[in-house]
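These notes concern the structure reproduced below.
Read-outs throughout are calculated quantities, based only on the coordinates presented, and are distinct from any laboratory measurement. Owing to the predicted nature of the structure, the values given are computational and were not obtained by experimental measurement. Quick reminder, even Gly has a Cβ in these numbers, built from the backbone with ideal geometry, and neighbours come from all protein chains shown.
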Amino acid sequence: LFTGIYISMSFSQNYDESKVPFYTLPSLLVSGQNQPIKDTASWEHARRPELLTLFSNYVYGTTPKDFDSVRFGIENEDPAAMNGKARLKEVAIRVYRQNKSITFHLVLFTPTAQASPAAVFVLINNRGRSHTDPKRVVQSDFWPAEMMIDSGYGIAAFHVSELAPDRKDSYADALLQLYPEQLAADNGMKAIGAWAFGASRVMDYLVTDGHVNAKQVVIVGHSRGGKTALWAAAQDERFSLCISNCSGNTGAALARRQFGERIAKINATFPHWFCNNYKRFNDNETALPVDQHMLIALIAPRPVYATNATEDLWADPKGTFLALKNAEPAYALYHKKSNLPADPPSPGHAILYAPLGYHNRIGVHDMTRFDWIQFIQFARHHFRS
Ligand code: GTR
């Protein structure tokens with residue numbers, strides 16, 4: 001019986017471009033009341049809030065705004081880390097609500113070579129903690145901190161498990177302890193909502209740190225972290241640039257293409273990521289009131305860079321590129337010319353000099369030094385202009 005179920009589920013995953021169904025994306029620039037959205041005012045005051053509400057109610061769950069306070073404690077500081085090239089701060093971030101609190105930790109390196117506050121890349125770490133080792137015993141390409149410092153950038157990370165353990169039986173054991181009503185609601189946030197909430201509390205800290213240029217904070221995530229990075233940047237406009245690496249389904253890839261991972265599959269494997277209401281769209285993508293191009297559009301006019309890997313069809317490289325392409329009208333409202341080609345660039349070729357950037361790295365599902373080198377170039381271009 002078990003084998004039977006497995007086989008029928010695996011058959012429902014399509015990797016054949018010719019079998020992508022005909023689909024129509026929900027209109028980005030027409031409001032729920034059928035009003036055309038023609039300028040930034042109606043986008044910002046009507047359509048954008050409406051889309052945020054739809055993503056909250058049907059996909060990621062609502063993000064609570066009510067907490068009593070956030071407090072920061074520097075637990076460790078080294079003004080001469082990385083052989084003097086960087087300042088290290090390990091910050092405990094404590095969120096209080098109704099006599100309860102949770103604590104999570106930020107690792108932050110800023111370059112010492114420059115006097116002015118640095119732009120900082122913040123990684124949402126969804127892998128092992130050693131990848132973001134503050135002691136630098138482990139130097140992982142997943143978070144190449146030395147390379148970032150040498151390039152003049154700050155580099156930071158927090159670990160998702162401190163906000164919501166990435167398991168269906170324990171995701172509620174951290175931040176959600178402060179918000180029992182979220183657990184009870186069908187539009188309540190779960191793990192990905194909690195991780196995005198954490199990203200915003202990191203931002204709360206970064207604006208207080210004199211070594212950080214808070215106007216140039218990049219939120220970066222890989223895969224499930226890349227889904228979170230988009231959701232965090234969509235909600236929190238203090239992130240000035242967003243990088244979503246191999247984020248795939250319910251990240252940067254269009255759901256309606258039904259290519260690779262699908263909503264039914266992601267909800268079955270990771271029932272603790274999205275709100276309960278999202279399960280209504282299992283095998284029913286066309287009923288979704290949104291699609292992922294709208295999530296990217298919510299970040300406009302701030303630059304978004306999305307990536308894929310050639311051997312990671314599960315994350316639908318073409319569907320990711322098309323989501324960027326279909327977000328362009330929101331950027332056009334701000335006179336940000338994107339002009340992406342109709343089809344994805346060839347593997348290994350990066351589109352860096354447009355507000356919507358993209359590459360499809362040759363290789364497997366991962367975040368590598370190659371990816372980070374493109375992120376640096378993309379950020380450098382946009383922070384300069
Ligand atoms: C996969 C999941 C993807 C992606 C990935 C990851 O198993 O199906 O949606 O998030 O995990 O996070 O590496």
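Pick out the one residue from A119, A145, A81 that is closer than 15 Å to V202 by Cα, buried (at least 16 other Cβ atoms within 10 Å of the Cβ) and among the aliphatic types (A, V, I, L, M). So the residue among A119, A145, A81 that is closer than 15 Å to V202 by Cα, buried (at least 16 other Cβ atoms within 10 Å of the Cβ) and among the aliphatic types (A, V, I, L, M) is A119.
For region 109-131, taking the residues that are within 16 Å of the ligand (Cβ to nearest atom) and not charged (D, E, K, R), the one that is nearest to D371 (Cα to Cα) is identified as L123. Filtered by the rule that a residue be buried (at least 24 other Cβ atoms within 10 Å of the Cβ) and either of a type in the set (S, T, N, Q) or within 18 Å of R71 (Cα to Cα) (or both), region 180-195 gives A194, W195. Among the residues of region 16-31, those identified as touching a residue at least 24 places away in the same chain (Cβ under 8 Å), surrounded by 11 or more Cβ atoms within 10 Å (Cβ to Cβ) and of a type outside the set (A, V, I, L, M, F, W, C) are P21, Y23, P26.
Residues that are outside any helix (DSSP H, G or I) and touching a residue at least 60 places away in the same chain (Cβ under 8 Å) within region 193-210 comprise T208, D209, G210, listed in sequence order.
For region 97-137, a residue qualifies if it is out of contact with any Gly (no Cβ under 9 Å at 6 or more places or on another chain) and without any contact (Cβ under 8 Å) to a residue 40 or more places away in the chain, and the qualifying residues are N99, A115, G128, R129, S130, H131, T132, D133, K135, V137. Within region 211-232, residues that are on the phi > 0 side of the Ramachandran plot have Cβ atoms under 7 Å from residues that are hydrophobic (A, V, I, L, M, F, W, C) in these pairs: S223/C246, counting only partners at least 6 apart in sequence or on another chain. Tell me yes or no: at least one residue of region 366-384 is assigned to a loop (DSSP other than H, G, I, E, B) and in contact with a His (Cβ under 7 Å, 6 or more places away or on another chain). Yes, the conditions are met somewhere in region 366-384.
The set of residues from region 260-308 being farther than 15 Å from N249 by Cβ, free of Cβ contacts under 8 Å to residues at least 24 places away in the same chain and touching a strand residue (DSSP E or B) at 6+ places or on another chain (Cβ under 8 Å) is empty.
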